[in-house]
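Notes follow once the structure below has been shown.
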Amino acid sequence: MGNQDESGRRRGQGELEGQVLAVLCEAPDPVTAGWVRERLGGTLAYTTVITILTRLQAKGAVTRERVGRSFTWTAASDEAGLAAHRMRRVLDGENDRAAVLASFVSSLSAHDEQFLRELLAADEAAGPDGTGEANKTAGAPDTREAVQVEHEVHDAHEAVQDAHEVVQDAHDVHEAARDSEAR
């Protein structure tokens, strides 16, 4: 068992995290680690499930709440959110963010690049706070979860702004190279 699936194949990095997160996303309410373990087939050790949940919590992908002597767990983001978080951590660990983003954008397919441009345009239209005028709600309760979401939205907005600048820079470099080749 350990880090192998039912066929004896060694699991890829993050594969268990993705499976646990998928199970949590399908959960109707906050659930226990035992519930998660059962939905995963019951082959993982309970301590392994707890370790994965704790790592996901450290990444902000799940939340936990004490219930008696145990915890219940809830997905804070889906698998796409977890992947985005991993990408952001890699980017944050690099010295030259612009170079990393430019390299990433230049490796995208034309379809993906167009999709990214559409996302950036929609984000730009949402306004400087990332919420847009139509989405503002006056008098919303200032709960811990709302504050956490606000921080996540702010961080995402900053990342999108950084990506937008890099996309524009990469586009300018691409256009300059094309003009240079045309001469």
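Observations on the structure shown:
- Glu65 vs. criteria acidic (Asp, Glu), in contact with a Pro (Cβ under 7 Å, 6 or more places away or on another chain) and without any contact (Cβ under 8 Å) to a residue 40 or more places away in the chain: yes
- For the criterion of being within 11 Å of Thr74 (Cα to Cα) and either buried (at least 20 other Cβ atoms within 10 Å of the Cβ) or small (Gly, Ala, Ser) (or both), Val36 passes.
- Residue count, the stretch 88-109 (criterion: in contact with a helix residue (DSSP H, G or I) (Cβ under 7 Å, 6 or more places away or on another chain), exposed (fewer than 14 other Cβ atoms within 10 Å of the Cβ) and among the small types (Gly, Ala, Ser)): 1
- The stretch 64-82, subset part of a helix (DSSP H, G or I) and surrounded by 14 or more Cβ atoms within 10 Å (Cβ to Cβ), residue modelled with the lowest pLDDT: Leu82
- Any hit, the stretch 25-43, residues being in a strand (DSSP E or B) and touching a Lys or Arg at 6+ places or on another chain (Cβ under 6 Å): no
- When residues of the stretch 56-102 are limited to those that are of a type in the set (Lys, Arg) and under 14 Å from the mean Cα position of the chain (by Cα), the one nearest to Val23 (Cα to Cα): Lys59
The values are calculated or read from the model by the stated rules, or taken from the named source; none is laboratory data. None of these values were measured; they are calculated from a predicted model. Ideal geometry is used to build each Cβ from the backbone, glycine not excepted, and the neighbour counts take in all protein chains shown.
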